[in-house]
Structure formats: C-alpha cells, structure tokens
C-alpha cells in the first residue's frame, strides 16, 4: 500500500500555529495519519526543515526530542535516500534538475526524494499544493482533499 508524502508545512502548522485558520483541517488529517487510517511518509529533508524552523522557539532538549521522536509521534515513515551501505545518496544532478522546475534548494531536495520513492507514494500533500503541481510525477493535493 502506497503512502501519502506529507510536506513540512503541515507539521509546522501543527507544532507552531495552533490558532491558524486551517488548523482544524490540518489536525484532522494528521490524526488520521497518527491512527493509521492514512499511511504517511515524509523525507529526512522535511524533518530537518521542520526542526530548523522550530529551532528559533525550542530549547536544545525540545529540538532533540522533536527530531528523535518525529516518526513515532506522527506515525510515519521517513524516506532517506541511501546507497547500499546506508550512506546519504545526494545526487546533485537530479537535485539540480528539480531546481530547473523553479524550485528552491529545499524544495528540490524534497522533490528528489519524492521522485526517488515515487513507486511508494500515492500523493504529495501540502497546503502549498499549487506551488508543486506539475513538478512531481505523483499527484499533488491539499489536506482538504482527504
């Protein structure tokens, strides 16, 4: 069964913006992932992006806890592009190809992972779906879709 690839903005909204207008929909979506009703995934680059954004508000201990507990807290798989020895596989040419689709470095790294694991991904879920449409080989939708 394929997984929904979840973009960083859903996690940041969940952890940092509890009064945002979209919080209720965002929370319902993430609760379905946590309960296993929806199978979720994200990339190591998304996890690091979330940690980087929250590093301005979290203590070292809180930040370490967030990083260490991310998979179990959200009950999702983190895609890590590794070589056969488990080392990070960082294909600069493929990342640059993503950048040629008008993506920032962070988005291009995420796109690289989405494409690398596309056979395991049913959709890419982001509040910024319009920003990603046509840039990935998988459908791009908002959490409202679910």
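The values are calculated or read from the model by the stated rules, or taken from the named source; none is laboratory data. None of the values given here were measured: they were computed from a predicted structure. A quick note on method: Cβ atoms are made from the backbone with ideal geometry, for glycine too, and the neighbour counts reach across all protein chains shown.
Looking across segment 29-57, the residues that are surrounded by fewer than 19 Cβ atoms within 10 Å (Cβ to Cβ) and touching a residue at least 60 places away in the same chain (Cβ under 8 Å) come down to 32, 44.
Only one entry in 83, 69, 20, 7 is loosely packed, with under 15 Cβ neighbours inside 10 Å and either within 17 Å of residue 126 (Cβ to Cβ) or in contact with a helix residue (DSSP H, G or I) (Cβ under 8 Å, 6 or more places away or on another chain) (or both), namely 20. The residue that is farthest from residue 9 (Cα to Cα), among those in segment 133-146 that are in contact (Cβ under 8 Å) with a residue 40 or more places away in the chain and buried (at least 19 other Cβ atoms within 10 Å of the Cβ), is 138.
Applying the condition of being touching a residue at least 40 places away in the same chain (Cβ under 8 Å) and more than 10 Å from residue 30 (Cβ to Cβ) to segment 1-14 and asking which residue is farthest from the chain's Cα centre (by Cα) yields 2. Candidates are the residues of segment 86-132 that are in a strand (DSSP E or B) and touching a helix residue (DSSP H, G or I) at 6+ places or on another chain (Cβ under 9 Å); the one that is surrounded by the fewest Cβ atoms within 10 Å (Cβ to Cβ) is 88.
All of (1) under 21 Å from residue 140 (Cα atoms); (2) modelled with pLDDT of 95 or more; (3) within 17 Å of the chain's Cα centre (by Cα) hold for residue 66 with one exception: (1).
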